[in-house]
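Derivation of every value follows stated rules applied to the coordinates shown; laboratory data play no part. Just so it is clear, the structure is predicted and the values come from calculations on it, not from any experiment. Quick reminder, even Gly has a Cβ in these numbers, built from the backbone with ideal geometry, and neighbours come from all protein chains shown.
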Amino acid sequence: MPAPKETHYVYADGSCLGNPGPGGWAAVIVKPSGVSRTIYGGDPATTNNRMELTAAIEGLRVVPTGTRVVVRSDSQYVVKTMTLGWKRKQNVDLWEKLDHEAGERRVVFEWVEGHAGDPLNEEADRNARHGATIAAKSGRIHYHGLSIVSDEPKPSPASDFGTDGEVVRELRALLTADETIRRCVGCGRAFVGPAGDAAPYCALAACQLKARRAADTSGVRRKSHD
C-alpha cells in the first residue's frame with residue numbers, strides 16, 4: 001500500500017431541493033501536497049441518494065488511478081453500503097460506477113458527521129446546494145470543475161483555500177524559498193510547511209490525532225477493493 005503521504009482525500013456531498021427534485025453534488029479533492037480543488041454539478045430531476053453517489057464517483061474520477069484515497073461523506077447510505085455491504089435495491093447504475101472507480105484505486109470510505117463544523121464537509125455541502133440551485137434554474141444537467149488533478153509543482157490559487165484566501169495572498173509574499181502553503185485535511189485551514197513535505201495534516205493536536213488514526217486503520221476499513 002502507498003505511504004500515507006501519497007493519500008488523496010475526497011470530501012463528497014449531495015443535496016436535493018425536494019426528494020425527488022432538482023439536485024446537486026460536490027466534491028472537495030485534497031492532494032497529498034495539500035493543494036485542493038472543488039468540483040460540483042447538478043441534475044434537474046434526481047434524488048438525494050443519487051447526488052450523494054455522484055459526488056463520490058466524480059470525486060474519485062479526479063484522483064489518479066492506483067493511488068490511495070480516503071472518501072469522506074456524511075451519507076451513511078454511501079459509506080455503509082461500501083463498507084458493510086448494505087443491499088443495493090436502487091441506483092444500481094451508480095453503484096456499478098462507484099465500484100469501478102473504487103476498484104481503480106485503493107479506497108477507504110469514512111463517515112463524517114454533516115453540519116458539524118468540518119470545514120471541508122461544509123464546503124462540499126455549500127457547493128452541492130449551489131449545484132442544485134443552478135439545476136433548478138436552468139433545467140439542465142451541469143458540471144463545473146476539473147477533469148483531472150495536475151501534479152505540476154505550481155502554487156494553488158488563494159481561492160482554493162476558502163476563507164483563508166486573503167491571508168494566503170498576503171502570506172505567500174513573505175514565504176522563504178523552502179516554505180509552502182497547504183490545506184489541512186483535518187481542519188480544512190491553510191498552514192505553512194516545508195517545501196517538498198507532502199504531509200496533508202497541520203500540526204494541531206486534533207489534526208495529528210486524525211492523521212495517526214488514519215495511518216493505523218489504512219488497511220482495515222476497506223472491505224473489497226484491495
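Inside the range 1-42, residues that are more than 30 Å from Cys207 (Cα to Cα), in contact with a helix residue (DSSP H, G or I) (Cβ under 6 Å, 6 or more places away or on another chain) and surrounded by fewer than 24 Cβ atoms within 10 Å (Cβ to Cβ) make up a count of 3. Here the range 43-56 is the region considered, the condition is being of a type in the set (A, V, I, L, M, F, W, C) and buried (at least 22 other Cβ atoms within 10 Å of the Cβ), and the residue that is nearest to His144 (Cα to Cα) is Ala55.
Counting the residues of the range 57-110 that are in contact with a Phe, Trp or Tyr (Cβ under 6 Å, 6 or more places away or on another chain) and part of a loop (DSSP other than H, G, I, E, B) gives 1. The condition (being of a type in the set (A, V, I, L, M, F, W, C), within 16 Å of Tyr11 (Cβ to Cβ) and in contact (Cβ under 8 Å) with a residue 40 or more places away in the chain) is satisfied by just one residue among Val79, Val62: Val62.
Taking Lys97, is it surrounded by fewer than 21 Cβ atoms within 10 Å (Cβ to Cβ), free of Cβ contacts under 8 Å to residues at least 60 places away in the same chain, touching a helix residue (DSSP H, G or I) at 6+ places or on another chain (Cβ under 9 Å) and more than 20 Å from Tyr201 (Cα to Cα)? The answer is yes for Lys97. For the range 26-56, the set of residues classified as part of a strand (DSSP E or B) and under 22 Å from Cys184 (Cα atoms) consists of Ala26, Ala27, Val28, Ile29, Val30, Ser36, Arg37, Thr38, Ile39, Tyr40, listed by residue number.
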